[in-house]
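Report on one structure; see the data block that follows.
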Amino acid sequence: MSTSQALTVGVITKDAGDDLPGLLESLPPEVELVVADGGSEDETVQLSREAGAIVIEQDQEAIRLAGGNFDVARNGIIRIATSDWILFLDADERLTVECREEISAVLSDRPSCSAYDIPRINLYWGRPVRLLGEDRQLRLIRKKAGRYVGRRLHQRMEVDGPVGHLRHPILHVNARSWRDLVRRVKRDADAEASASEARSSLRRVFTEPLHHFHLYYVKNQAWRDGVAGLTVSLVYAANRASVLLASRRSTGA
């Protein structure tokens, strides 16, 4: 059984025209491609259809009920996928040749697991940064065995059954410029703040960013990546503070 015969690749997008070509080039030929678009105003939908994708609209009501957690848009992909297995990727991710080959081997060998997580290498300005450690992402699932739920952005998918672990990574092009980094931080901060239901104390506003910086820079060893590691750790720690401050404002603190 080849990867293309067994696999649907699912992607959620919004104005991803700059990133999408790189993802499409990394995919194995003839996979079923399903794109759930959130109202792109650039060439995202056109590029997707030219690549043979089935393009559907994201369920905006489901996202609203999930407090802005756009990950739940992947549930629409699960419903219409025709393959036995679904690989979820983002437009700014790239499937390495080694990972492609490993997925093909797993799917050809009567897999006993319901899903598999995949290590991810995060790139900033073209360089790997150890911001999130191994950063394992639960992305390869048997159809109907998993579902995205919850009001927190990037919450782990719920899976019915055992989860296996792949060895070879995917690549995540987090930011190619400062503009990319600022845009990503603002997008995630807005979604997390809108999903927050609890009022953040002032103590959390001060302590959690320090905890996040220690996690990124020290525990996950971003310090080994020089200036890029320090810069990204500081930016994401500051982002955590902005999320907590926003949640205080939204809950009337």
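Details
- A convex hull fitted to the Cα coordinates of segment 34-156 yields 141 cubic angstrom per residue.
- The amide H of residue 13, built 1.01 Å from its N in the peptide plane, has 36, 37, 38 as neighbours under 5 Å, considering only residues 5 or more places off or on other chains.
- Ranked by the mean number of other Cβ atoms within 10 Å of their residues, highest first, the peptides 211-224, 61-74 come out as 61-74, 211-224.
- Among 105, 16, 66 - extreme Cα towards positive end, dipole of the chain, charges at beta-carbon: 66
- Whole-Å distance, taken between Cα centres, linking segment 1-53 and segment 73-142: 14
- The rule of thumb for compact globular proteins, 2.2 N^0.38 Å, goes into the C-alpha radius of gyration of segment 1-81 1.09 times.
- Size of charge dipole - the chain - debye, nearest 20, with Cβ of Lys, Arg +1 and Asp, Glu -1, no other charges: 1260
- Calculated from backbone phi, Karplus (6.51, -1.76, 1.60) coupling profile of segment 7-22 in Hz, x at Gly/Pro: 10, 10, 9, x, 9, 9, 9, 7, 6, 9, x, 6, 8, 4, x, x
- Projected onto their three principal axes, the Cα atoms of the chain cover extents of 55, 41, 38 Å, largest first.
- In straight-distance terms, cross-link reach from residue 219 covers every one of the aspartates and glutamates whose alpha-carbon lies under 12 Å from its own, apart from those fewer than eight places away in the same chain; here that gives 134.
- Phi angles across segment 235-242 convert, under the Karplus curve 6.51 cos²θ - 1.76 cosθ + 1.60 with θ = phi - 60°, into 3J(HN,Hα) values of 5, 6, 5, 5, 4, 4, 5, 5 Hz, Gly and Pro given as x.
- Charge dipole magnitude, Cβ of K and R +1, D and E -1 - segment 7-151, Cα centre, debye nearest 20: 760
- Sulfur and carbon atoms: percent of accessible area, segment 54-100 [1.4 Å]: 52
- Probe 1.4 Å, accessible area per residue of the chain, Å²: 51
- Projecting the Cα positions of 174, 76, 218 onto the charge dipole of the chain (unit charges on Cβ atoms of Lys, Arg, Asp and Glu, taken about the Cα centre) puts 218 furthest along the positive direction.
The values are calculated or read from the model by the stated rules, or taken from the named source; none is laboratory data. Predicted, not measured: the structure shown is a model, and the values here were computed from it. Neighbour counts are summed over all protein chains in view; Cβ atoms, including those assigned to glycine, are modelled from backbone coordinates with ideal geometry. Keep in mind that these areas ignore ligands, DNA and RNA; they rest on the heavy atoms of the full protein, side chains included. Shrake-Rupley method; radii C 1.70, N 1.55, O 1.52, S 1.80 Å.
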